[in-house]
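Just so you know, all these numbers are worked out from the coordinates, no wet-lab data involved. Remember, predicted model here, so these are calculated numbers, not experimental data. Please note: Cβ atoms are built from the backbone with ideal geometry, for glycine as well, and neighbour counts cover all protein chains shown.
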2 protein chains.
Amino acid sequence: MPTKPYAGTQSVRRAIALLKMFSDERHEWGLSELAREVGLNKTTAYRLLTALQSEGMVARNPLTEGWRLGPEAITLGALALRSNDLVSAARPELEALVRETGETASIEVLVGNDVLILDGVEGPSLVGASSEVGTRWPAHATSTGKVLLAAERAGGGKVPGGPNGGPGRSKNRRQLRKLTPRTITDPDRLDRELERVAERGWATAVEELETGYVAVGAPIRDHEGRAVAAISIGGPAARLTAGRIPELAKLVFRTADRISRRLGGRSARR
Amino acid sequence: MPTKPYAGTQSVRRAIALLKMFSDERHEWGLSELAREVGLNKTTAYRLLTALQSEGMVARNPLTEGWRLGPEAITLGALALRSNDLVSAARPELEALVRETGETASIEVLVGNDVLILDGVEGPSLVGASSEVGTRWPAHATSTGKVLLAAERAGGGKVPGGPNGGPGRSKNRRQLRKLTPRTITDPDRLDRELERVAERGWATAVEELETGYVAVGAPIRDHEGRAVAAISIGGPAARLTAGRIPELAKLVFRTADRISRRLGGRSARR
DNA sequence: AACCATCAGTTCATATTATGAACCGAATGT
DNA sequence: ACATTCGGTTCATAATATGAACTGATGGTT
């Protein structure tokens, strides 16, 4: 079996790969460079792009003639977001949490080694975290990510950078990015941290994602007790002091539990 | 030329067609029904779906085993939205407009025969319009849509239901949907309305989209004077009375003009 | 001004790739 | 007990996607 990474349609995966090349750093691509970057023949890239264009998934900047994401991507994304039951179930609880704590709250899911922000409720403070829906952060540096990774780990799943990746799991061995001086990048340390998180049921991220930013997260569980999402509150380190963390953790934990029950999930107590 | 609607990759277009089957009415599909609905062989649909799944564009509901949109769709959509320069340019102006008028404002683009909401700023009133980003409305029943269609028309473009569709333009001849008793559904009447809109530079939609809802819209133009988007304010008919329309139109028009200039566009004066 | 490099986009012969009829076993309904 | 419908798989076939080579335009360099 030389190279057959996936059964299925190659051209479709290639097309999606093209879409994924767009990022906040790079809204727009020229054909040649884009093709080069994804490792496709220019002709192939061109054909795939025109196909995507005909469906509105990409569009061309009339000025620069560059390729960018199209309106249909927006439509689909918004729809995907709305069809996520988690968001609607969590919204009122998040709002309540913000009222209680005065900090910004959000709900996130694990996708790959990142957490994806599904929804956010801004706190009243001016110095607050701005949680942009749809953005992603490295899981190992966030409270929500730790909570979800801890659940993965407990379920025998693979954890990024983890030392216990099964045989042949080379894809997973990639480096844990250091985002601040306090980001946990040592796989063993992360493993121990996750073990602790799994035990107590909530996680913190103290200036591990961004200097000066602190967050506390807890898991939302489905009817089988699997952690399907996590919520957190976050704000400046000046307000989320070590002394206040336990109290906040309790609130976040309880809110997560309430959302779980809304979804027909069981209590977070293991 | 028998059937060769587009050059390009068939499987990619089919895959996107699958994605587009998801809607607010239908978050989730079973394989067979979905395949039947898009007119694909079940095997083909299955393969395309697994390919999309491997890229995270669709995901499966672990409970029902049904197919739904995946997290990657959310990521892409949010990114597409952020990479739209219009949104960031318009935001502060829309906020100012809301402060001035007390009504809800939004910015929209034309995609096909619909307008797509790119961004919205809610008014302070409780009885307000809720403008959900990413949703679409039939262009002919909205103020923004009329503004954009009027520009199409002026530029010799095709207009939905329009009598002046070029020869062989059958796709375009489809019926104008009647959403309220006041929706314009007669192509000739719409044509006259668009002519008027093009002349004066702004449009209204008085209980044409939804009974009790009134909106006023004006176009945003790029450096070549092409209308690339439109903004509007909208609210309950009780507040947006006929007497108040001209004054509101002036405000909306000026705001649109200001956004155009922010984008390096020229003044809306033809 | 001649040159070179790089761009977007097109052509076309090739075989790789996607395709769909038929099939399987499991649920579900009658 | 039988009939449907489901999700999913197999496999021979040809239709489809592929990429090397080409065109023509643009822009920078010497």
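Taking chain A as the reference, fit the longest principal axis to its C-alpha atoms, fit the long axis of helix A:71-82 to the helix C-alpha atoms, and give the angle between the two in degrees, 0 to 90, nearest 10. The two axes meet at around 30 degrees.
Principal-axis analysis of the Cα atoms of chain B puts helix B:85-101 at an angle of about 40° to the longest axis.
With its label point put 7 Å out from Cα toward Cβ, residue A:246 sits 7.0 nm from the same residue's point in the other copies, in order from shortest. Legend: mean number of C-beta atoms from other chains within 10 angstrom of residue C-beta atoms, peptide B:115-122, equals 1.
Taking each pair of different alpha-carbon atoms in chain B once, compute 1/r for the pair, average those values, and report the inverse of that mean as the Kirkwood hydrodynamic radius in Å to one decimal.
Values: mean 1/r = 0.0495 Å⁻¹.
Hydrodynamic radius (Kirkwood, Cα pairs) of chain B is 20.2 Å.
If the convex hull of the alpha-carbon atoms of the range B:1-152 is projected onto planes in all directions, what is the mean projected area in square nanometres?
Values: hull surface 50.4 nm².
The Cα convex hull of the range B:1-152, projected and averaged over all directions, gives 12.6 nm².
In loop segments of the range B:1-101 as defined by DSSP, the chymotrypsin sites (Phe, Trp or Tyr not before Pro) with at most 16 further C-beta atoms inside 10 Å of their C-beta are B:6. A simple spin-label model places the labels of residue B:33 and residue A:43 4.3 nm from each other, with each point 7 Å out along Cα-to-Cβ. Dimensions of the protein assembly as shown from C-alpha coordinates, computed as largest minus smallest value along each principal axis and given longest first, are 71, 57, 41 Å. Here's how it looks for residue B:237: its modeled amide H is under 5 Å from those of B:213, B:214, which are all 5 or more places away or on a different chain. Packing around the peptides A:218-228, B:105-115, A:54-64, taken as the average count of other Cβ atoms within 10 Å per residue, puts them in this order, highest first: B:105-115, A:218-228, A:54-64.
Mind pulling the angle between the C-alpha long axis of helix A:10-20 and the longest principal axis of chain A? Nearest 10 degrees, somewhere in 0 to 90. Rounded to the nearest ten degrees, it is 60. Across peptide B:219-228, the average count of Cβ atoms from other chains found within 10 Å of a residue's Cβ is 1. Each copy carries a label point for residue B:261 at 7 Å from Cα along the beta-carbon vector; from one copy to the others these points are 5.7 nm apart, nearest first. Placing pseudo-labels 7 Å out from each Cα toward the beta carbon at residue B:250 and residue A:199 gives an inter-label distance of 7.1 nm.
Residues whose amide H lies under 5 Å from that of residue B:59, counting only those 5 or more places away or on a different chain, are B:68, B:69, B:70; hydrogens are built 1.01 Å from N in the peptide plane. Aspartates and glutamates within cross-link reach of residue B:178: Cα-Cα under 17 Å, excluding same-chain residues under 8 positions apart? Reachable aspartates and glutamates: B:114, B:186, B:188, B:191, B:193, B:207, B:208, B:210. Take each residue in B:17-24, count the other chain C-beta atoms within 10 Å of its C-beta, and the mean is 4.
The phi torsions of the range A:108-123, fed into the Karplus equation with coefficients 6.51, -1.76 and 1.60 and a -60° offset, translate into couplings of 9, 10, 8, 9, x, 9, 10, 9, 10, 7, 8, 7, x, 10, 6, x Hz, rounded to whole numbers, with Gly and Pro shown as x.
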